[in-house]
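Colleague: Below is a structure I'd like to ask you about.
The values are calculated or read from the model by the stated rules, or taken from the named source; none is laboratory data. Note that the structure is a prediction, hence the values are computed from the model and not measured. Here the Cβ positions follow ideal geometry from the backbone for every residue, glycine too, while neighbour counts run over all protein chains shown. SASA here: full protein model, heavy atoms, side chains in, ligands and nucleic acids out. Shrake-Rupley method; radii C 1.70, N 1.55, O 1.52, S 1.80 Å.
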Amino acid sequence: GFETGSMFPVVWTGSVLESRRNGPSSILTCNNAQAGMKRVGLRQHFQWPCPLALYGTRCGADKAAAESSATATAVGNVVTLSAGWNGSNDTANYIGGLIEWDSVNGREYRTIHTIVSDTVVTTNAALHDFTDGGAVDVYLGCPHNLAGCRDVHNNAVNYGGHHLIPLVNPVGKNNHT
């Protein structure tokens, strides 16, 4: 017999999918643990805003079409851009966008955090290996809503959110009304 505290080696792990009686025995249909890992899990949440990474493969926004060029000076994460850097675009549309430049370590980028004025923005981190007066490429941001996807990037067909979710519960605050 087996003693209390005995160690048993694991021979198989998985799940039983189906059981059928066959006389005095049963036939089990099983999947091993690795088979469960091959299934596709939840890929995207049911949510109002778009969860896709801007300019990523699933987003599909045209990064080249969203680009403008400027010269810049930077002190830490405060970047002053040359006048007219935004072209005909509203500067507010650049929040969440990118500033990219070539450094000694290759292409660098920072996310635009806030718009301070017509020519001054703040980024999520300081610009390293950047020469004042150097050239930068500036890319539009995205508010992750359908209007921004449609109006800023002309990309509504790839909007990843669910904009028709009601913002007010249609059932009411409780079950009695």
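Colleague: Would you check which residues across the range 131-153 are assigned to a loop (DSSP other than H, G, I, E, B), touching a strand residue (DSSP E or B) at 6+ places or on another chain (Cβ under 7 Å) and open to solvent by 40 Å² or more (accessible area, probe 1.4 Å) and list them?
Modeller: Selection gives ASP132, GLY133.
Colleague: Follow-up. Condition first: open to solvent by 60 Å² or more (accessible area, probe 1.4 Å) and at pLDDT 80 or above. Now tell me which residues in the range 35-48 satisfy that.
Modeller: If the condition is that a residue be open to solvent by 60 Å² or more (accessible area, probe 1.4 Å) and at pLDDT 80 or above, then PHE46, TRP48 are the ones that fit.
Colleague: Step by step: first the residues of the range 103-117, then only those that are in a strand (DSSP E or B) and farther than 16 Å from LEU81 by Cα, then the one that is nearest to the chain's Cα centre (by Cα). Which residue is that?
Modeller: Looking at the filtered set, the residue picked out is GLU108.
Colleague: Of everything in the range 68-88, what is touching a residue at least 60 places away in the same chain (Cβ under 8 Å) and open to solvent by 40 Å² or more (accessible area, probe 1.4 Å)? Give them in sequence order.
Modeller: If the condition is that a residue be touching a residue at least 60 places away in the same chain (Cβ under 8 Å) and open to solvent by 40 Å² or more (accessible area, probe 1.4 Å), then SER69, THR71, THR73 are the ones that fit.
Colleague: Another question, if that's okay. In the range 57-67, which residue that is open to solvent by 20 Å² or more (accessible area, probe 1.4 Å) and touching a strand residue (DSSP E or B) at 6+ places or on another chain (Cβ under 8 Å) is farthest from PHE130 (Cα to Cα)?
Modeller: The qualifying residue farthest from PHE130 (Cα to Cα) is LYS63.
Colleague: Out of curiosity, is VAL157 assigned to a helix (DSSP H, G or I) and either at negative phi or surrounded by 14 or more Cβ atoms within 10 Å (Cβ to Cβ) (or both)?
Modeller: So VAL157 passes the test.
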